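Handing you a structure now.
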Amino acid sequence: MPVEGGSISGSASAARHPKHKHKAHSLSSRHTNSTEERLPGFQRGDMLEGQDSRLPLPVRNNLLDLFGQIEREFENLYIENLELRREIDSLNERLTADGQSTEGGDLIKGALKTKASHSTSHSTSQLSQKLKTTYKASTSKIVSSFKATTGSRAVCQLIKEYVGHRDGIWDLSVTQTQPVVLGTASADRSALLWSIETGQCLLRYAGHAGSVNSIKFHPTEQMALTASGDQTAHIWRYLVQLPAPQPLSDVNVPCDDDQDVSDREEGEVDGEGPCEVPTIRVATATLKSHQGVVIAGDWLVGGRQVVTASWDRAANLYEVETSELVHTLTGHDQELTHCCTHPTQRLVVTASRDTTFRLWDFRDPSIHSVNVFQGHTDTVTAAVFTVGDNVVSGSDDRTVKVWDLKNMRSPIATIRTDSAVNRISVSTNQRIIALPHDNRLVRLFDMNGMRLARLPRSNRMGHRRMVCCTAWNDENQLCNLFTCGFDRQAISWNINIPALLQEK
């Protein structure tokens, strides 16, 4: 997952704005000289001669130097905040003139947060906070006017919380065969299968010696593919029996972009500990050709082959029946972060920390073509196919882009957010993109890039830490979206997006 960079040293204020460096220096010199000339009874010449002061000469010179540094620092702060004010005015004018959605507000706030994080002192942070407060007050009426025009509201209902892992949950998936169960992959070196309706843990897979980073189910058989930090991927069979259904929780909460998002206690998650259920410890097949962490895996259409992605900068294609390595897909310059297969065609997409994702075509057995796409400026955390001819990519650069497979020179839609995006998913029926964020929120967008909703998160519900993955379950009318995070829990949701809202 993304790692936040270190802080910037305090003396680099002018260097961060090269075009203002000379200007700041000249202003500092001019203001210092004018100040010296105006001070009555305390002029620099007098101090140097010692006529009006009993302080030792080294102390007086040190004081003058310190005062000069303070003045220059305040001048730098003044210049930086003038730039912030101009940026706020410019963005407000653009927001008003273009009639952007409320996502534009998030973009502005994200830009301000980035600026504030580069402050050189506590004083800068305070000034930046005042600017952000001023911005929020000035744009509240605009945001409210946008909300008033949306008409119908999306309704998000929290259904169940699945608690039992000892560490964060990296990935989740829903089986495509009966009985339909939820699978989770965790850093506690286990994968768990859950009853969707009751929230009961049904089975535990404990065959890996490292963090389980991914879980995907066979399209027609009761088989699972898990990828792990132990440099292997496992294929294992499972057999579960669903418990008697129980009444589901009834928490009907409309999605609200201004709802309270206060944090619950950031301590341990209240849970039942590891599931005391049947445990599988031996894999049916072990795929071990990688030389680094295996971060993801998926089944090719038909289920006879699987593809795995690794930190060794390669993706491998295996035969399921023989566990034989068929192809090694190389070309990425840095570690891979994700892989996904097309639901109906022999196409594979791989994402990497090198800011690119690659499309591999295995439809012609004699030709294995690859296309490289450079649409992001930071790690591509996920790239997934839709049922149509689209690919959706998400990145640590806080954007999600929708691409057309027939013409992938430029994205057909770009979604900008205020936080890094992790493993996204796209609804098959409604074609809605679910975005899990580092800031513990989950947002929903349509394929045109319009924001539809944000899942509720408060001190009573939602994720407490980074949300790692989302997965749609279109066959279940009640629990049609699942999310998981590093707070050790998975959550099922009922998402109801009115048709009127999707058309806007």
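The values are calculated or read from the model by the stated rules, or taken from the named source; none is laboratory data. Keep in mind that what you see is a predicted model, and the values were worked out from it rather than measured. Glycine gets a Cβ as well: all are built from the backbone with ideal geometry, and neighbour counts include every protein chain shown.
I'd like to check which strands (runs of 3 or more DSSP E) are fully inside the stretch 270-383 and have at least 3 residues that are surrounded by fewer than 15 Cβ atoms within 10 Å (Cβ to Cβ) and β-branched (Val, Ile, Thr). Full working, then the answer.
On the way: elements: 285-287, 294-299, 305-310, 315-319, 325-329, 336-341, 347-352, 357-364, 367-373.
Per the criteria, 367-373.
Please verify whether the stretch 56-74 includes one or more residues that are in a loop (DSSP other than H, G, I, E, B) and modelled with pLDDT of 85 or more.
Within the stretch 56-74, one or more residues are in a loop (DSSP other than H, G, I, E, B) and modelled with pLDDT of 85 or more.
Any chance you could count how many residues in the stretch 403-415 are within 15 Å of Val426 (Cβ to Cβ) and part of a loop (DSSP other than H, G, I, E, B)?
So the answer is 3.
Select from the stretch 386-402 the residues that are assigned to a strand (DSSP E or B) and closer than 19 Å to Arg443 by Cα and list them in ascending order.
Correct list: Val391, Val392, Ser393, Gly394, Ser395, Thr399, Val400, Lys401, Val402.
Of everything in the stretch 380-428, what is without any contact (Cβ under 8 Å) to a residue 12 or more places away in the chain and closer than 21 Å to Asp354 by Cα? Give them in sequence order.
Selection gives Arg409 alone.
A follow-up question, please. Please find, among Ser190, Ser173, the residue that is touching a residue at least 24 places away in the same chain (Cβ under 8 Å), more than 21 Å from Val426 (Cβ to Cβ) and surrounded by 21 or more Cβ atoms within 10 Å (Cβ to Cβ).
Exactly one residue qualifies, and that residue is Ser190.
Any idea how many residues of the stretch 163-184 are out of contact with any Leu (no Cβ under 7 Å at 6 or more places or on another chain) and under 19 Å from Pro436 (Cβ atoms)?
Count: 7.
Between Arg488, Arg460, Arg431, which is among the basic types (Lys, Arg), at pLDDT 95 or above and in the same structural domain as Lys216 (by TED's automatic domain parsing)?
Arg488
Across the stretch 376-417, what is the total count of residues that are closer than 19 Å to Asn439 by Cα and of a type in the set (Val, Ile, Thr)?
7
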